[in-house]
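The values are calculated or read from the model by the stated rules, or taken from the named source; none is laboratory data. Here the structure is a predicted model, which means the values were calculated and not measured. Glycine gets a Cβ as well: all are built from the backbone with ideal geometry, and neighbour counts include every protein chain shown.
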Amino acid sequence: MTIVLQFLVFLLIALSTILVVSIPITLASPGQWEQSKNVIFTGAGLWALLVIITGTINSFVV
């Protein structure tokens, strides 16, 4: 169970890093928001789901 939690935390850190870099670049580029809006919303939803799953798994690890 600990290995699963560590993997989830790694995924959360990796996705957070990707979103922190890509969202400002997308917002600063002219015309990119319309093209990348769905990808950013999907990434943010995946991030939120990953936070909830990681928190749930963390409650089972003693």
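For the stretch 1-23, name all the residues that are free of Cβ contacts under 8 Å to residues at least 24 places away in the same chain, surrounded by 14 or more Cβ atoms within 10 Å (Cβ to Cβ) and either of a type in the set (A, V, I, L, M) or outside any helix (DSSP H, G or I) (or both). Outline the logic, then answer.
Residues of the stretch 1-23 free of Cβ contacts under 8 Å to residues at least 24 places away in the same chain: 3, 6-7, 10, 13-14, 17, 20-23.
Of the ones still in play, those that are also surrounded by 14 or more Cβ atoms within 10 Å (Cβ to Cβ) are 22-23.
Residue satisfying the conditions is ILE23 alone.
Please work out if VAL39 is at pLDDT 95 or above, exposed (fewer than 14 other Cβ atoms within 10 Å of the Cβ), in a helix (DSSP H, G or I) and over 8 Å from the mean Cα position of the chain (by Cα).
no
For ALA44, work out the one condition from (1) assigned to a helix (DSSP H, G or I); (2) at pLDDT below 95 it doesn't fulfil.
(2)
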